[in-house]
Amino acid sequence: MSTCSGTANYTSSPFSFSKSTTTTTTCSSLLHELQEIWEEIGESDNERDEMLLQLEHECLDIYCRKVETSKRYKADLHHSLAEANVKIAELASALGERISLPQNEKMGGNIKEQISVINPTLENLKMLKHGRVKEFSELQLQIAQICAEIAGNGQTLNPDDIQVDELDLTTKKLGELNSQLLELQSERNFRLQKVNSHISAIHKLSVVMSLDFKRIMAEIHPSLIDSPTGQSKSISNETLARLTSEVNSLMQNKRWRLEKVQDLGSTLIELWNLMETPIEEQKRFNLVTRLITSTVDEVVSQECLSNHVIEQTEAEVTRLNTLKASKMKELIFKRQNELEEIYSGVHMDVDIEKAREILISLMESGSVNLSDLLSSMEEQIAKAREQSQSRKDILDKTEKWKHASEEESWLDEYERDDNRYNAGRGAHKNLKRAEKARTLVSKIPSLVENLTAKVTAWELDKGMPFLYNKAPLLRTLEEFTNLRQEKEEEKRRYREQKKLQDQLAAEQEALFGSKPSIKKPLGVSTNGNTMVATPNSRRVESARHGISGGRERRDSVKAIPINYVALPKDDRGV
């Protein structure tokens, strides 16, 4: 408007500055037509000048408005060009792209041409940005979903809720998101493997212990049960922790159940052995007895550690314990008989009657556990067997010594029999036995010496005396040795006495002549008493019996008169 107000000459034609010939011709024609109208009307010159001036002002206003409009349009175009340049710079910066555009003054052409040059670049950048934003949104959505799964957030994410930072859409940032997504996917796969591993372990444990697998899984997390909805399994920290805790709990339960079954199985075997249970009855619990030596990891059979198996085994143990209580006394007496047989077999110094009375008193009083009592007797039997084994060699030598002593006694009686050579029933057998007895008797000193050495070594090793029939065997051997020496002395005196008797008989025969002798049957002694021809039934129970016999023979020797004259005689066969 200010430009228009600077016009001074309003009388000049308003169309004089126009460069368009057509417009100028039209204006001149219109002005000529207006002059004619005014002529016809009769307008004065002043009125005509005012109208022309008014018309000129109106034209000028129209030009001014058009100029202002054009200026604003030009400014808008400059602003759009500047905004396009700024937008291109922002997009290039956000996308990390390097865009080189010529400056406006170097670009050439008018403003619209400049805009038409940079608009394709701007559109391309906008399309690239849109693609990047979509790509970022998808990556961030996947990352958010995996993070939600790990965090245990079961809510479904809405893609519209994902906020993408449009100021950083570079490929570097995109690569970082891809790396983060790969790490999270790896983490998810690892967690899923752990979840599946725990589920598999729980399933195996549930099969072994006959537990409700689906109920256990549902209590941990509903997604762990196969469902038609296709819901992914929970991999959250809470789920993993609960799965781990459940596996540990089930393993502990399995270990406890195995120990219980093993204890029950061992108890069953003990009860079966005690009561001699038939094999057919034992087969019902083969599954239990096979687990006695198994480790926790080796037990995988279905329902082998179920409550039903444990309860069934406990019921059997209870039944057998009840049965055992009724048969325990019988078993205890059986063990007592076995113990007595061991004691009697090795001549151990044990008061069997008193031990049996104590045993009966303990059982009737109820103050002792019968199982403990039976176990104690088993220990006694084991000790008795051990002791009998250590006494066996000595006892064997003792039996040989006793047999030799008995044969010596028999030989003594046999040699005192004056009719031993008379023909009769069994005489030849006695002669053979006498020969063997003499050989055996000759070994008695060495037998006694060896036996004494054995007993002495045993007593030094055990620190206790070796008892035989409630008497120390060494003392018995010593008494036997002393008695044997006395018997040898008695034999010597008997031989001397015999010589005296024979000498006296010879003197009487020389003085009074021979007298008919009365023939005595074999087996009859000179004193009129019947003499046993085969004294095999007579046995010397101890050396003391020999001592008493020796004393009787000494008394008989003392009865011979002091002034009796002995005649020499052959002592063959003594």
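The values are calculated or read from the model by the stated rules, or taken from the named source; none is laboratory data. Remember, predicted model here, so these are calculated numbers, not experimental data. Because the Cβ atoms are built from the backbone with ideal geometry, glycine has one as well, and the counts that use them run over all protein chains shown. Heads up: the accessible areas ignore ligands, DNA and RNA and are worked out on the full protein's heavy atoms, side chains in. Shrake-Rupley method; radii C 1.70, N 1.55, O 1.52, S 1.80 Å.
At-a-glance table
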read-out: Residue match in the stretch 129-144 (condition: touching a Ser or Thr at 6+ places or on another chain (Cβ under 9 Å) and within 30 Å of S232 (Cβ to Cβ)); value: yes
read-out: Subset tally (residues that are open to solvent by 70 Å² or more (accessible area, probe 1.4 Å) and within 34 Å of the chain's Cα centre (by Cα)) for the stretch 365-377; value: 2
read-out: Members of the stretch 234-269 found to be touching a Ser or Thr at 6+ places or on another chain (Cβ under 9 Å) and over 26 Å from D297 (Cβ atoms), listed by number; value: S234
read-out: Which numbered condition R98 misses (of (1) outside any helix (DSSP H, G or I); (2) modelled with pLDDT of 85 or more); value: (2)
read-out: Selection count, the stretch 430-450, where residues are open to solvent by 90 Å² or more (accessible area, probe 1.4 Å) and within 60 Å of the chain's Cα centre (by Cα); value: 0
read-out: Where a residue in the stretch 455-468 is under 18 Å from W401 (Cα atoms) and its partner, wherever it lies, is outside any loop (DSSP other than H, G, I, E, B) and among the β-branched types (V, I, T), with Cβ under 7 Å and at least six apart; value: V455/I394; W458/I394; F466/I394; F466/V455; Y468/T398; Y468/T476
read-out: Test set (1) on the phi < 0 side of the Ramachandran plot; (2) at pLDDT 80 or above; (3) acidic (D, E) - D349 fails condition number; value: (2)
read-out: Index of the failed condition, N482 passing every other in (1) at pLDDT 80 or above; (2) surrounded by 13 or more Cβ atoms within 10 Å (Cβ to Cβ); (3) closer than 22 Å to T398 by Cβ; value: (2)
read-out: Matching residues in the stretch 162-196 - criterion: being in contact with a Leu (Cβ under 9 Å, 6 or more places away or on another chain) and open to solvent by 70 Å² or more (accessible area, probe 1.4 Å); value: T171, Q180, K194
read-out: The listed residue being surrounded by fewer than 17 Cβ atoms within 10 Å (Cβ to Cβ), among the aliphatic types (A, V, I, L, M) and closer than 21 Å to I394 by Cβ, out of A427, A453; value: A453
read-out: Any hit, the stretch 293-302, residues being within 30 Å of P465 (Cα to Cα) and either in a helix (DSSP H, G or I) or not acidic (D, E) (or both); value: no
read-out: Spans of helices (runs of 4 or more DSSP H) in the stretch 232-292 with at least 3 residues free of Cβ contacts under 8 Å to residues at least 12 places away in the same chain; value: 237-275, 279-282
read-out: Among the residues listed as K402, K383, the single one being over 39 Å from the mean Cα position of the chain (by Cα) and either open to solvent by 20 Å² or more (accessible area, probe 1.4 Å) or more than 18 Å from T456 (Cα to Cα) (or both); value: K402
read-out: Residues that are open to solvent by less than 80 Å² (accessible area, probe 1.4 Å) and in contact with a helix residue (DSSP H, G or I) (Cβ under 9 Å, 6 or more places away or on another chain), drawn from the stretch 456-470; value: T456, W458, E459, P465, F466, L467, Y468
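Quick grid of which residues meet (1) among the hydroxyl-bearing types (S, T, Y); (2) open to solvent by 50 Å² or more (accessible area, probe 1.4 Å):
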{"site": "H198", "(1), (2)": "no, no"}
{"site": "K214", "(1), (2)": "no, yes"}
{"site": "L224", "(1), (2)": "no, no"}
{"site": "K233", "(1), (2)": "no, yes"}
{"site": "S236", "(1), (2)": "yes, no"}
{"site": "V247", "(1), (2)": "no, no"}
{"site": "W256", "(1), (2)": "no, yes"}
{"site": "V261", "(1), (2)": "no, no"}
